[in-house]
Amino acid sequence: MVTRRQFIGRSTAAVLGAGLVSRAGAATLPEAATSDRATLVAPGLPPNGRPYHPVVTLNGWSAPWRMRDGWKEFHLVAEPVTREISKGMVAHLWGYNGQSPGPTIECVEGDKVRIFVTNRLPEHTTIHWHGILLPNGMDGVGGLTQPQIPVGKTFVYEFEMKKSGTFMYHPHADEMVQMAMGMMGFIVVHPRNPAFMRVDRDFVFLINAYDIDPGSYTPRINTMTDFNLWTWNSRAFPGIDSLVVRTGDRVRIRFGNLTMTNHPIHMHGYDFEVTCTDGGWVPKSARWPEVTVDVAVGQMRAFEFDAAHPGDWAMHCHKSHHTMNAMGHAVPTMIGVDHRGIAQKINRLIPEYMVMGDKGMADMGEMEMPLPENTLPMMTGTGPFGPLEMGGMFTVVKVRDGLGRGDYADPGWYAHPEGTQAYELRL
Amino acid sequence: MPDLPGAPRELIEAERVAVEQRLDIRAARRNLDAEAEMLGLTRITRWVNVLHIEGIREREADGSVKRGFEIGINIPLFDWGDARAAKAEAQYLQAALQLRETAVNARSEVREAWHAYRIAYDLARHYRDEIVPLRKRISDEQLLRYNGMLIGVFELIADSRDQVASINAYLQALRDSWLAEADLQQALLGQVGAGRRGGVIAMPAGGAAGH
Ligand SMILES: [Cu+2]
């Protein structure tokens, strides 16, 4: 586990090494912490400013800030980045501070924030603060509320966080392209009263999607619906962090959807209530219990539950194609096709050919066949009882007794108590 | 069928061989010599070149210059003496010009045959060095895509058919290049027993033999 201090120390060197910020600029700009790793950084308590209970960004971290004359100053650098989607595949994306999505911005209701945005992309950009109530001129819509930030320039956004809740940031300049390339980040505004809506574990992630042709690295930016990588924080199963929870914790899971379709997010083992949307906190009287919550395009949802049931509980998008990695949607169904005699004939033409799909596709979860370069298997991952046959928007909520308060390290697989597991009937 | 030679024949070399060994040129030369003997021409005043070809100076990749060379057919001119010899002069010059015509036509045939040969050679080489390896690479990638269930078996088989077709096309082009080679060899010798001058010997590639 990388501690916050080590982490920021490492990032300082990276920023200076980049050498793109002028000396005069460096004197006035806050440090832009950067990381090119998809590693969860366990949260630390805020070093200054109003107190809050920090969130945990899956496969990510929160941006440090500098306090100056009562303003919280952040620095986001828009730039090309390399993101490991899962082991065996990297994507060439655009993001912020070395990764996609950019670092999570955390602040507190009433904070005055000043966000420096430096553009190191090959084209202009802006940042729109999705859901934040702010002066019109800070809304970040290129051409409408400001000129776009030219290449190499830094713009400054200043506003007060008027209410707590769950928000996002993303470009509003060449928006279709820049979001298809991975530009986005999470914003959490904590309540001024730390006891209000208090939880023990507060997880956040952005839902995104890419279309990266097998064998290539850069997303096809013009794809509208037929994406082949369905990701959380630009990670696909088994690359998505588990959500590690201590039995008895009050848990909140927040997510925002910046893809082009809705995602019914389903969690096993619990019913939960949506306590926050993009518009703010949901009054208790307006909540209802659910096990799946749909998040439409451009929306955010946060649900909460009391972690009373230990186990390895699956959490995933319930569109079954969204828990797959790259696959051929036009591949013909082979179930029931009589292959007798055919395979040998094809083998004479293509020696490495193997019959697949004639008994369903579960083969794919077990076999390790050579695939095109930089391509994840359509279904993959291994659990304690065999192949998981999953991909994309799938991860596990791991509820365990007796974890440390700030312990987010993977506890391994759940040990099922005697008599609590499905078993084979032997006659 | 043997594979393509490593390098194609040079045009200038083909022309040199042709001028040396073409039967029609040698016949016309004999005819001229016989004419001079018959007319009793003996006092040579100077020599002229009735066919002048200059080798091209080529610059190699390493910067060095390939030596050029010249090909020519030199014939003697004689002291024609008095007016009585005017007829002899005319007869000799007629034979000389016939030699020149034969040589020019022969050279034209060789150049035509060489160009057909070079196109066939380049085509076969392009199939061998570019198209077939590319098709193989595409097939390898298609198999990887099939493995990942990114394409179906029908696309895999259709691609395999394309790969086979590209190999067939190479073999066809290789055969055509050997036919063009044979035509060029024929042009270097000239027509044998055809009794026709200036005819085109080169066959259209793949024309006669059927597949
Ligand atoms: Cu989905």
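The values are calculated or read from the model by the stated rules, or taken from the named source; none is laboratory data. Predicted model, so just to flag it, every value in this text is computed and none were measured. Every residue, glycine as well, gets a Cβ built from its backbone with ideal geometry; the counts of neighbours run over all protein chains shown. Just so you know, the surface numbers come from the protein's heavy atoms only, side chains and all, with ligands and any DNA or RNA stripped out. Shrake-Rupley method; radii C 1.70, N 1.55, O 1.52, S 1.80 Å.
Loop-only chymotrypsin sites (Phe, Trp or Tyr not before Pro) in segment A:356-427, please: DSSP not H, G, I, E or B, and at most 11 other Cβ atoms within 10 Å.
Values: sites: A:Phe385, A:Phe394, A:Tyr408, A:Trp413, A:Tyr414, A:Tyr423; in loops: A:Phe385, A:Tyr408, A:Trp413, A:Tyr414, A:Tyr423.
Passing both the DSSP loop test and the Cβ count: A:Phe385, A:Tyr423.
Keeping the other protein chains in place, figure out the carbon and sulfur percent of the accessible area of segment B:11-197, with a 1.4 Å probe. Before the final figure, lay out each step's value.
Numbers: 5740 of 10890 Å².
Answer for segment B:11-197 is 53 percent, counting heavy atoms of protein chains only.
Could you give the Stokes-Einstein D for the protein assembly as shown in µm² per second, using the C-alpha Kirkwood radius, 37 °C, 0.692 mPa s?
The diffusion coefficient I find is 105 µm²/s.
According to the Cα gyration tensor, what semi-axes, each the square root of 5 times an eigenvalue, does the equivalent ellipsoid of segment A:366-423 have, listed from largest to smallest in whole Å?
Working: eigenvalues 165, 62, 15 Å².
Rounded to whole Å, the semi-axes are 29, 18, 9.
Starting from the Cα of A:Val90, step 7 Å along the direction of its Cβ; do the same at A:Gln344; then give the gap between the two resulting points in nm.
With each label placed 7 Å out from Cα toward Cβ, I get 4.7 nm.
Which lysines does A:Lys112 reach when only Cα atoms under 21 Å apart count, and residues fewer than 8 places away in its own chain are ignored?
Here the lysines satisfying the reach criterion relative to A:Lys112 are A:Lys72, A:Lys162, A:Lys163.
Return one number: the angle in degrees, 0 to 90 and rounded to the nearest 10, between the long axis of the Cα atoms of helix A:4-18 and the longest principal axis of the Cα atoms of chain A.
The angle comes out near 80 degrees.
Name the residues of segment A:199-231, by number, that are at least 30 Å² less accessible with every protein chain in place than in the isolated chain; the surface is that of heavy atoms, probe 1.4 Å, without ligands or nucleic acids.
Listed in order, they are A:Pro214.
Pop out the carbon and sulfur fraction of the accessible area of chain A as a percent, whole number, probe 1.4 Å.
Working: 10390 of 18840 Å².
The C+S portion of the solvent-accessible surface of chain A is 55 percent.
Pick from A:Val244, A:Val297, A:Val204 the residue whose mean-square fluctuation is largest in a GNM of chain A, springs joining Cα atoms under 10 Å.
Comparing A:Val244, A:Val297, A:Val204 in a Gaussian network model of chain A, the most mobile one is A:Val297.
Pick from A:Gly185, A:Gly142, A:Gly60 the residue whose mean-square fluctuation is largest in a GNM of chain A, springs joining Cα atoms under 10 Å.
A:Gly142
Once you have all Cα-Cα distances for segment A:329-411, histogram them in 10 Å bins from zero and send the whole-percent values.
13, 32, 28, 14, 8, 4, 0
Ignoring ligands and nucleic acids, what accessible area does A:Met176 show with a 1.4 Å probe (Å², nearest 10)?
100 Å²
Quick check on segment A:68-208: take the gyration tensor over C-alpha atoms, sort the square-rooted eigenvalues as a ≥ b ≥ c, and tell me if it's rounded (a/c under 1.5), prolate or oblate. Display every interim value, and only then the final one.
Details: a/c = 2.02, a/b = 1.21, b/c = 1.67.
Note, shape of segment A:68-208 comes out oblate.
Just to confirm my numbers, what's the Cα centroid distance between segment B:145-196 and segment A:273-346 in Å?
Here the two parts' Cα centres lie 52 Å apart.
With an 8 Å Cα cut-off and a minimum separation of 6 or more residues, compute the relative contact order for segment B:11-197 in percent. The partial results should precede the final answer.
Details: 191 pairs, mean separation 54.3, N = 187.
Relative contact order comes out at 29 percent.
Give me a single rounded figure for B:150-160: the average over its residues of other chain Cβ atoms within 10 Å of their Cβ. Before the final figure, lay out the partial values.
Values: counts 14, 5, 8, 14, 2, 4, 4, 6, 0, 1, 4.
Taking the mean over all residues of the peptide, I get 6.
If you stretched the chain out fully between A:Val355 and A:Phe385, how much longer would it get, using 0.36 nm times the residue separation minus the C-alpha to C-alpha distance? Kindly include the intermediate steps, with their values, before the conclusion.
Numbers: separation 30, 0.36 × 30 = 10.80 nm, distance 2.55 nm.
Length gained, A:Val355 through A:Phe385: 8.2 nm.
Tell me the mean residue ellipticity at 222 nm calculated for the protein assembly as shown from its helices only (DSSP H runs of n ≥ 4, each -39500 (n - 2.57), averaged over every residue, nearest 500).
-8500 deg cm²/dmol
What would the Debye equation give as log₁₀ I(q)/I(0) for segment B:11-197 at q = 0.20 Å⁻¹, counting only Cα atoms as equal point scatterers?
-1.25
Most mobile of A:Gln344, A:Gln148, A:Gln299 per a Gaussian network model of chain A (Cα springs, under 10 Å)?
For chain A, modelled as a Gaussian network with Cα springs under 10 Å, the answer is A:Gln344.
Heavy atoms only, probe 1.4 angstrom, no DNA, RNA or ligands counted: give me B:Arg29, B:Arg43 ranked by accessible area, highest first. List each step's numbers first, then the result.
Working: B:Arg29 65, B:Arg43 160 Å².
These residues rank, largest area first, as B:Arg43, B:Arg29.
Per residue of A:370-376, count partner chain C-beta atoms within 10 Å of its C-beta, then hand back the mean as an integer. Don't jump to the answer; show the numbers that get you there.
On the way: counts 5, 6, 9, 2, 0, 5, 1.
Partner Cβ neighbours, averaged per residue: 4.
At a cut-off of 50 Å², which residues of segment A:313-350 become less accessible once all protein chains are present than in their chain alone, using a 1.4 Å probe?
A:Val331, A:Leu349, A:Ile350
Counting protein heavy atoms only and a 1.4 angstrom probe, how many square angstrom of accessible surface do chains A and B bury in total, to the nearest 100? Kindly include the intermediate steps, with their values, before the conclusion.
Details: alone 19680 and 13460 Å², together 31350 Å².
When A and B are taken together, about 1800 Å² of accessible area is lost.
Is there a simple number for the mean count of other chain Cβ atoms within 10 Å of the Cβ of residues in B:137-147, and what is it? Walk me through the numbers before you get to the answer.
Details: counts 0, 0, 2, 3, 4, 2, 8, 9, 8, 8, 13.
If you average over the peptide's residues, the count of other-chain Cβ atoms is 5.
Please compute the per residue accessible area over segment A:191-259 with all protein chains in place, 1.4 Å probe, rounded to a whole number of Å².
Numbers: 2160 Å² over 69 residues.
Per-residue value: 31 Å².
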